[in-house]
Amino acid sequence: MDLTSRYMGLDLKNPLVASASPLTGELDSLRQLEDAGVAAIVLPSLFQEHIEAEARRYEALTEAGADSFPEALTYFPALSASHAGPERYLMLVRAAVEAVDLPIIGSLNGTTNEGWIDFAKQIEQAGAAGIELNVYFLPIDPAMSGRAVEQRYVEILTAVRAAVAIPVAVKVGPYFSAFGQMAQELDRAGADALVLFNRFYQPDIDLVGLRMVKDLELSRRNEIRLPLLWIGVLSGNIRASLAASTGVESAEEVLKYLLAGADAVMTTSALLRHGVQHVATLLSGVNAWLSARDIRSLDQVRGLLSRRKTRRTGALIRADYIEMLQEYDPQPIA
Ligand SMILES: Cc1cc2nc3c(=O)[nH]c(=O)nc-3n(C[C@H](O)[C@H](O)[C@H](O)COP(=O)(O)O)c2cc1C
């Protein structure tokens with residue numbers, strides 16, 4: 001079975017990619033992911049806040065040293081390496097590239113296009129095959145316009161794009177008033193791939209302790225529907241490749257994303273829930289489904305149910321919506 005896929009300019013042996021999580025930050029689990037069959041790995045994010053904190057720490061040390069012990073300056077790189085998130089991250093990139101024979105994608109996570117972007121260059125120099133840019137930005141300032149939010153994404157991407165030659169993917173959330181136009185703008189600004197979608201972590205309320213609760217719930221399979229919708233809409237309509245992220249639990253979700261037009265399908269929650277070996281189960285399920293239909297190559301069906309292939313117009317989508325509401329059959333309450 002030919003499952004080969006091309007994602008963000010990288011040739012992958014299959015479409016399954018391990019998305020950023022603690023599982024991708026340990027060399028042992030990276031090797032296990034490779035053995036189980038993933039085609040590429042996204043490392044956990046390096047956060048803008050950590051890069052900036054390290055820069056401030058370095059500055060403070062430099063100033064103190066300049067005043068009192070100029071010779072101490074020679075120690076700073078060593079100090080930096082032992083504490084810094086950024087230095088450790090580069091060590092992880094280098095070690096990951098050595099440990100597995102798969103494309104390693106570094107992940108940068110930030111919200112503005114200031115100096116930290118230079119770090120993309122260092123991730124490239126450490127051997128990463130690509131960079132995934134996670135713009136996790138919640139526009140809670142009511143004075144901020146939608147246009148300003150969109151502009152911010154484009155500016156960050158433009159800055160990273162200019163800093164590196166390796167492919168750059170952008171992992172975004174779905175909350176834009178016109179996501180199709182946002183996707184096109186990112187495409188024009190040089191995104192090699194879009195990862196749909198970033199999962200926004202929403203707080204809950206503890207009614208006993210009367211406080212906000214922050215906890216991380218793993219995704220469920222019914223969460224594929226929003227990314228599925230947008231991958232289906234965008235497939236074949238933009239240059240950037242498309243990765244589906246969120247809600248993969250079984251081979252069924254992987255297949256649905258591929259039929260909608262995904263070039264790659266990412267997974268984290270299912271691997272945290274079932275273990276790294278689950279990759280093999282996902283892949284064998286995809287193989288079995290294709291074989292049962294006598295399909296020899298994934299590309300024969302990729303995007304088969306995209307909007308472009310099915311020619312679904314906005315009017316048809318609205319007609320479906322109205323029909324669904326009207327035909328809903330309430331079950332009698334027992
Ligand atoms: C424990 C945990 C840590 C994560 N860390 C990161 C991260 O560092 N950077 C990132 O972009 N996404 C991170 N994610 C999000 C995942 O990469 C993924 O986008 C999300 O879990 C949705 O995919 P899933 O439904 O397959 O889990 C993390 C998710 C979990 C559960």
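FYI, it's all coordinate maths here, none of it is from the lab. Because the structure is predicted, anything quoted here is derived from the model rather than measured. Because the Cβ atoms are built from the backbone with ideal geometry, glycine has one as well, and the counts that use them run over all protein chains shown.
Compute, for the chain, the length of the dipole vector about the Cα centre, with Cβ point charges of +1 (Lys, Arg) and -1 (Asp, Glu) only. Units Debye, rounded to 20.
On the way: 31 positive and 41 negative charges, 256 e Å.
Value, rounded to 20: 1240 debye.
Among 254-262, 296-304, the peptide with the highest mean count of other Cβ atoms within 10 Å heads the list, and the full ranking is 254-262, 296-304.
Taking the charge dipole of segment 5-307 about its Cα centre, with +1 at Lys and Arg Cβ atoms and -1 at Asp and Glu Cβ atoms, the residue from PHE119, PRO22, THR281 reaching farthest to the positive side is THR281. Spin-label model, ALA55/ILE140: points 7 Å from Cα along the beta carbon direction are separated by 2.3 nm.
So for the chain, taking the charge dipole from beta-carbon charges (+1 Lys/Arg, -1 Asp/Glu), which of ILE156, SER107, PRO227 sits furthest toward the positive end? It is PRO227.
Sorting 171-182, 283-294, 88-99, 264-275 by average packing, meaning the other beta carbons within 10 Å per residue, from highest down gives 264-275, 88-99, 171-182, 283-294.
Selection among TYR201, TYR257, ALA39 by position relative to the dipole of the chain gives TYR257 as farthest towards the positive end (Cβ unit charges, Cα centre).
Could you tell me whether segment 181-334 comes out rounded, prolate or oblate from its Cα gyration tensor? Rule is a ≥ b ≥ c as square roots of the eigenvalues, rounded for a/c under 1.5, then prolate if a/b exceeds b/c, otherwise oblate. Display every interim value, and only then the final one.
Working: a/c = 1.34, a/b = 1.22, b/c = 1.10.
Here segment 181-334 falls in the rounded category.
Straight-line reach from LYS121: taking Cα to Cα under 23 Å and skipping same-chain neighbours fewer than 8 places apart, the lysines in range are LYS171. Taking the convex hull of the alpha carbon positions in segment 5-307 and averaging its projected area over all directions gives 18.6 nm². Does segment 224-269 come out rounded, prolate or oblate by the C-alpha gyration tensor, with a ≥ b ≥ c the root eigenvalues, rounded set by a/c under 1.5 and, if not, prolate when a/b is larger than b/c and oblate if not? In terms of gyration-tensor shape, prolate. Among 221-231, 307-317, sorting by the average number of other beta carbon atoms lying within 10 angstrom of each residue, highest first, gives 221-231, 307-317.
The alpha carbon centroids of segment 132-173 and segment 204-239 are separated by 19 Å.
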